[in-house]
Structure formats: C-alpha cells, structure tokens
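Engineer: I am attaching a structure below and will ask some questions about it afterwards.
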Amino acid sequence: MEYFTAAPEVEDTGKRIDVYISLVRDELSRSQVQKLIGDGHVTVNGKQVKSNYKLKKDDIIDLEIPEPEPIDIKEENIPLDIIYEDKDIIVINKPQMMVVHPAAGHYSGTVVNALMYHCRGELSGINGIMRPGIVHRIDMNTSGIIVAAKSDSAHRSLAIQFAEHTINRRYRAIVCGNIKDDNGTVDGPIGRSPKDRKKMAIVRDGKRAVTHFSVIERFGRYTYIEAVLETGRTHQIRVHMASIGHPLLGDDIYGSVKQPYGLKGQVLHAGLLGFIHPTKGEYMEFRSEIPEYFQRLLEKFRQNRF
C-alpha cells in the first residue's frame with residue numbers, strides 16, 4: 001500500500017476532492033480516484049468523504065493507493081551519465097527517449113531499472129516499488145538533469161522544495177514561429193484536458209502554473225529559447241508555449257503531428273537544476289549541455305535562416 005498526504009493550497013479551496021487528487025497525482029484518472037474514494041481509501045481530516053466533497057481551508061487529505069498487480073522490476077546494467085553522487089542523492093543527465101520510471105509498456109530500460117542496479121538497494125522507498133528514488137521526472141522525449149533520492153529523509157527534503165517551488169529549473173527549447181518579444185511569462189493553470197485525458201491543458205480548475213521564457217536566438221521560422229519554471233506541472237512548458245501559438249518543435253501532442261528533421265519528440269532539454277542539499281544544507285547547482293541532435297539543429301538553422 002502506498003500512502004500519500006496532501007495539504008491543499010489556498011487556491012484549491014472549493015475544488016472537488018476527486019478533481020484535486022487527479023491533479024496532484026496525475027498518473028491517476030478521475031475515475032480511478034473516484035473508485036479509491038468509494039472504496040474508502042481517501043479521508044479528509046481522518047473522515048471518509050464522497051467524491052463531490054469540496055475542499056476547505058486547512059484540510060488534510062490522506063490517500064491510500066493499493067499496490068498494483070505484482071510486477072518484477074529488475075535491476076539492469078544500463079550506463080548512466082552521472083553528474084554528481086553522494087550518500088543522499090544522485091544527479092544524472094537523462095538521454096532523450098529514456099523513460100524515467102516503469103509504467104504500462106515500459107517495464108525495462110528505464111532510469112529506475114538503471115538506478116536499482118547502480119545504487120544496489122540504496123534508494124528511497126516513499127514512491128513505492130515502481131518509482132524508488134524518484135522525486136520528479138521529465139518526459140521520455142525530454143533530455144537533461146534529474147535528481148533521485150537515496151534515502152527517505154533526502155526524498156522528503158527535495159519533495160518539499162519541489163512543492164514550495166524553490167527548485168531552480170531552466171530548460172532550453174526550440175519553438176515554432178518567431179517570438180516577437182525578447183522575454184515573456186505565461187501564467188495559466190494546468191490540469192487534465194476535458195477533451196482528452198491523455199493531454200494536459202490550461203483549465204480553470206487546474207493547478208497554478210507559471211513559465212518565464214527569454215529568447216536566445218531567432219531563425220525566422222523557429223526560435224531558440226530558455227524557459228524557467230516558477231512551478232512544475234506535467235508538460236508545463238509544452239502546454240504553455242503551445243497556448244501562445246509557439247509549440248515546441250517536434251511536439252506531436254501539442255504541436256504538429258509531423259516530425260520534421262527526423263526528430264523523435266519535442267526539442268526540450270533540462271539544462272540546469274539547483275536545490276538545497278538535503279543534509280549539507282547548501283545550495284548546489286548542476287548544468288548539462290544540450291545534446292548532439294539539438295546542437296546539430298541549431299547549426300543547421302544558423303546556416304539556413306528561414
């Protein structure tokens with residue numbers, strides 16, 4: 001059984017509890033949440049509630065998620081690009097097309113499989129058997145830096161920093177179209193799309209999401225940008241840039257279904273991650289250069305400006 005506790009923020013007051021849980025645990029659909037509530041696996045302030053319960057100030061939500069069907073997640077000797085490691089954390093540079101943790105259709109070849117082999121059991125267990133050590137994730141098609149926790153105490157410290165939006169996260173991306181302004185901010189709440197549960201969207205009852213961006217270089221048809229996350233929601237940069245008419249190049253979910261230049265997904269790289277070390281108490285910052293395919297695209301565009 002996995003246990004999850006949440007204290008809704010002020011802006012969540014008045015939301016239905018099933019909507020709220022499906023937002024903060026985005027791997028659960030609303031119907032799955034409703035079943036968990038109906039089966040008595042959700043309490044608010046120690047009492048069972050119905051799916052239409054409206055959240056109040058200072059509510060404490062406790063959620064029990066029954067273990068999934070037993071799945072044998074194996075250790076795999078997969079090379080990792082390790083940027084930093086100590087007894088508390090491990091920071092890696094994830095390549096594009098590598099899934100962070102096992103899920104339907106991806107039970108091997110993930111970051112978790114590799115970490116299990118490398119760390120030999122020294123991973124936090126807070127996120128259960130499917131996601132040992134995983135504090136946050138980036139999309140399969142996104143490359144760049146992620147941090148994993150080796151102990152539960154380190155995991156809790158990092159999780160609080162992510163929840164309080166004090167983590168420094170900077171991404172590099174190529175978007176479609178010519179962004180006119182040198183700098184900008186997209187402030188739009190993100191939640192599950194009411195039209196397609198597999199997609200995220202800017203929705204009225206979504207979680208607050210803020211993305212700041214600045215232009216690095218213009219190519220006419222495309223723009224090279226840096227995006228800074230003030231919050232961290234699922235697909236945040238992809239949804240926000242698409243919402244202002246500049247979807248990420250190669251994004252076949254929020255942009256064109258066509259994949260130009262032989263791309264395998266959106267051109268997005270998590271290039272910087274900064275946080276307070278869980279035990280040392282000092283700020284640490286890690287950087288990763290853009291991958292080779294990304295660099296080749298930039299060189300191509302510089303030689304043939306549209």
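Engineer: Only residues in the range 162-187 that are without any contact (Cβ under 8 Å) to a residue 60 or more places away in the chain and among the hydrophobic types (A, V, I, L, M, F, W, C) count as the first member; pair them with residues that are surrounded by 14 or more Cβ atoms within 10 Å (Cβ to Cβ) and part of a strand (DSSP E or B), Cβ under 7 angstrom, at least 6 apart or cross-chain, and list the lot.
Structural biologist: VAL186/THR211
Engineer: Restricting the search to the range 155-185, which residues are in a strand (DSSP E or B) and aliphatic (A, V, I, L, M)?
Structural biologist: Across the range 155-185, the qualifying residues are ALA173, ILE174, VAL175.
Engineer: Among the residues of the range 231-251, which ones are at pLDDT 95 or above, part of a loop (DSSP other than H, G, I, E, B) and open to solvent by 20 Å² or more (accessible area, probe 1.4 Å)?
Structural biologist: Matches in the range 231-251: HIS235, ILE244, GLY245, HIS246, PRO247.
Engineer: Could you please find all residues in the range 261-276 being on the phi < 0 side of the Ramachandran plot and under 20 Å from the mean Cα position of the chain (by Cα)?
Structural biologist: Passing the criteria: LYS264, GLN266, VAL267, LEU268, HIS269, ALA270, GLY271, LEU272, LEU273, GLY274, PHE275, ILE276.
Engineer: While we're on this one: Given GLN259, GLN266, which one is of a type in the set (S, T, N, Q) and open to solvent by less than 30 Å² (accessible area, probe 1.4 Å)?
Structural biologist: Within the list GLN259, GLN266, the selection yields GLN266.
Engineer: For residues that are over 23 Å from ARG131 (Cβ atoms) and not basic (Lys, Arg), tally how many sit in the range 9-23.
Structural biologist: Residues flagged as over 23 Å from ARG131 (Cβ atoms) and not basic (Lys, Arg) within the range 9-23 amount to 8.
Engineer: Something else about it: Select, from ILE253, ILE244, the only residue that is among the aliphatic types (A, V, I, L, M) and under 13 Å from THR142 (Cβ atoms).
Structural biologist: Among ILE253, ILE244, only ILE253 is among the aliphatic types (A, V, I, L, M) and under 13 Å from THR142 (Cβ atoms).
Engineer: Identify all residues within the range 205-227 that are in contact (Cβ under 8 Å) with a residue 60 or more places away in the chain and open to solvent by 30 Å² or more (accessible area, probe 1.4 Å); write none if there are none.
Structural biologist: ASP205, ARG208, GLU217, GLY220, ARG221
Engineer: Check SER214, SER143 and return the single one that is touching a Pro at 6+ places or on another chain (Cβ under 7 Å), of a type outside the set (A, V, I, L, M) and at pLDDT 95 or above.
Structural biologist: SER143
Engineer: Right, another one. Name the single residue, out of those in the range 281-306 being more than 18 Å from PRO95 (Cβ to Cβ), more than 25 Å from the chain's Cα centre (by Cα) and open to solvent by 40 Å² or more (accessible area, probe 1.4 Å), that is modelled with the lowest pLDDT.
Structural biologist: Result: PHE306.
Engineer: So in the range 186-204, with the set limited to residues that are farther than 16 Å from PRO247 by Cβ and in a loop (DSSP other than H, G, I, E, B), which one is most open to solvent (accessible area, probe 1.4 Å)?
Structural biologist: Among them, the one singled out is ARG204.
Engineer: In the range 252-291, what residues are part of a strand (DSSP E or B) and charged (D, E, K, R)?
Structural biologist: GLU285, ARG287
Engineer: Among TYR84, TYR53, which is at pLDDT 95 or above, more than 26 Å from ILE146 (Cα to Cα) and over 20 Å from the mean Cα position of the chain (by Cα)?
Structural biologist: TYR53 is the lone residue from the list that is at pLDDT 95 or above, more than 26 Å from ILE146 (Cα to Cα) and over 20 Å from the mean Cα position of the chain (by Cα).
Engineer: Please specify each residue of the range 17-36 satisfying the condition of being open to solvent by less than 20 Å² (accessible area, probe 1.4 Å), in contact (Cβ under 8 Å) with a residue 60 or more places away in the chain and not hydroxyl-bearing (Ser, Thr, Tyr).
Structural biologist: VAL19
The values are calculated or read from the model by the stated rules, or taken from the named source; none is laboratory data. Since the model is a prediction, treat every value here as computed from it, not as a measurement. Quick reminder, even Gly has a Cβ in these numbers, built from the backbone with ideal geometry, and neighbours come from all protein chains shown. Surface areas here come from the heavy atoms of the whole protein model, side chains and all, with no ligands, DNA or RNA. Shrake-Rupley method; radii C 1.70, N 1.55, O 1.52, S 1.80 Å.
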